[in-house]
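Some notes on the structure that comes next.
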Amino acid sequence: MTTTRAQHRRRATRRVRLRRTIVAAAAIVAIAGGVTVFAVTRGTPVPTADATSTPVMEETPTPTPTPKTASEQLLASTTDPKACAVSFSGEGVALAPQLETQDTLYAALPLPQADGRVFAGWYETAADAAAMTLPARVNGADLVACTAQEKTLYAGWTTPEANAAEEASIPILMYHQFTTKPEGEDNWLRLNYAYIGDFDAQMAHIQESGFYLPTWDELSAFIDGKVFLPKHSVIITDDDADSTWLELAAPIVDKRHLLTTSFVITSARTEPTPNRFVLQRSHTHDMHRAGDNGKGRMVNEDAATIAADLEQSAQILGAKEVVAYPFGHYNDTTKEGVREAGFALGRTIEHGYVRIGTDKLALPVIRMNYGMTVDDLKDAIG
């Protein structure tokens with residue numbers, strides 16, 4: 001079929017019109033800032049995906065943070081690098097962890113109670129707690145040591161029958177002054193001055209024999225039958241915080257890591273403890289002197305006056321717990337004053353041992369005099 005020149009012109013005209021339509025459409029898309037490209041064929045343009053368009057990203061859900069443990073929360077509350085979160089574990093034990101400080105003595109470890117059982121102390125492992133392994137028992141006589149600022153202690157328990165069968169008799173040793181002279185001091189207080197060589201040998205015996213050193217709150221609970229203390233226990237005390245105690249004896253208990261209590265007359269001494277193994281407790285503030293009848297003020301004053309003196313002493317020392325009666329003098333009025341001041345225990349100078357049921361405000365002692373050797377100590381405490 002022959003195409004005429006007129007048909008050629010008509011077809012050329014249609015091609016020009018089509019090209020103009022495509023260019024116009026592209027311009028409109030460009031002006032609008034769109035990102036769609038049209039694939040044009042003969043007829044209506046069809047949109048296709050732009051290879052340069054930004055893909056739609058799905059949001060990644062934020063993970064739920066793992067809740068902090070009670071120990072981690074406790075550690076987050078302090079910036080102390082020596083802080084240690086101590087947790088407590090054992091049958092029937094539901095105690096929150098408590099913050100302790102490494103390289104210092106444990107402070108106020110809890111003494112849990114349970115019907116039909118007697119608490120037998122905290123231990124390094126669950127196996128030690130089950131076996132009540134004495135060398136692994138931990139209390140306020142021990143330094144805090146932990147890994148990664150955390151530690152768990154395990155509760156030991158025994159029965160009331162086993163506690164009674166132990167028949168523990170706890171000696172409280174009472175020292176006073178010390179001397180470097182093997183022959184002793186030549187004055188009316190001669191017996192008060194223990195030879196420092198004998199003292200060191202006695203402390204070595206206690207350390208090397210693995211004696212348990214109860215804290216005062218343990219002793220109080222032991223008297224009530226609520227805490228088990230082994231027969232192999234001893235409490236070490238010094239009266240008056242004399243300069244010879246501070247200079248000669250205190251360094252020995254520090255070296256041997258032996259918990260000791262120094263009974264301080266706070267009207268004469270307000271300085272802090274000489275080392276971390278010495279607790280300072282009350283020997284009254286200003287009652288270590290004679291009253292009107294020649295006896296100590298503790299039996300010459302009324303209960304309110306006694307209580308006020310002990311409160312003053314406690315404020316200086318930062319602790320109550322136990323008072324040592326000056327000269328060993330006390331009576332019912334004395335006891336009432338001690339109770340009013342909030343003290344749990346009173347220590348006398350009467351000879352004897354603390355047992356279940358002992359009067360808490362009349363604790364007996366084992367007096368340590370000049371001339372007593374390590375063999376004498378063994379006879380007294382085992």
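The values are calculated or read from the model by the stated rules, or taken from the named source; none is laboratory data. Quantities reported herein were computed from a predicted structural model and do not represent experimental measurements. All Cβ positions, even for glycine, are placed from backbone atoms using ideal geometry, and neighbour counts span all protein chains on display. When the accessible area is computed, the model is the full protein with side chains, heavy atoms only, and any ligands, DNA or RNA have been set aside. Shrake-Rupley method; radii C 1.70, N 1.55, O 1.52, S 1.80 Å.
Lysine pairs in the stretch 251-382 with Cα distance under 20 Å, only those 8 or more apart or on different chains: how many are there? Walk me through the numbers on the way to the answer.
Working: LYS295/LYS335; LYS320/LYS335; LYS320/LYS360; LYS335/LYS360.
Within the stretch 251-382, the lysine pair count is 4.
Quantify, in whole percent, the carbon and sulfur part of the accessible surface of the stretch 208-258 (1.4 Å probe; protein heavy atoms only). Write down the numbers at each step before the final one.
Values: 780 of 1670 Å².
The nonpolar share, carbon plus sulfur, comes to 46 percent.
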### Query
According to the square roots a ≥ b ≥ c of the eigenvalues of the Cα gyration tensor, what is the shape class of the stretch 190-292, taking rounded for a/c under 1.5, prolate for a/b larger than b/c otherwise, and oblate for the remainder?
oblate
#### Entry: Solvent-accessible surface (1.4 angstrom probe) belonging to GLU124, in square angstrom, nearest 10
80
### Query
Could you give the accessible area per residue of the stretch 318-382, probe 1.4 Å, as a whole number in Å²?
42
### Query
Alpha carbon centre of the stretch 264-293 versus the stretch 310-338: separation in Å?
10
### Task
Could you give the spread of the C-alpha atoms of the stretch 73-130 along their three principal axes, from largest to smallest, in whole angstroms?
41, 20, 19
### Task
Tell me the label-point distance for the pair ALA131, LYS82, using the 7 Å Cα-to-Cβ offset, in nm and rounded to one decimal.
3.3
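By the scheme Lys and Arg +1, Asp and Glu -1, what is the net charge of all other residues having a beta-carbon under 14 Å from that of GLU340? Mind showing how you got there, number by number?
Details: positive: LYS320, LYS335, ARG339; negative: GLU301, ASP302, ASP309, GLU311, ASP332, GLU336.
Every neighbour counted, the sum reads -3.
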### Query
Carbon and sulfur: what percent of the stretch 53-125's accessible surface (1.4 Å probe)?
54
### Task
For LYS151, go through the lysines and keep the ones whose alpha-carbon is under 24 Å away, minus same-chain ones fewer than eight residues off.
LYS68, LYS82
### Message
What does the charge count around HIS283 come to, taking other residues whose C-beta lies under 15 Å from its C-beta (Lys +1, Arg +1, Asp -1, Glu -1)?
### Response
-3
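How do the peptides 194-204, 140-150 rank, highest first, by the average count of neighbouring beta carbon atoms within 10 Å per residue?
On the way: 194-204: 19.2, 140-150: 15.0.
The packing order, highest mean first, is 194-204, 140-150.
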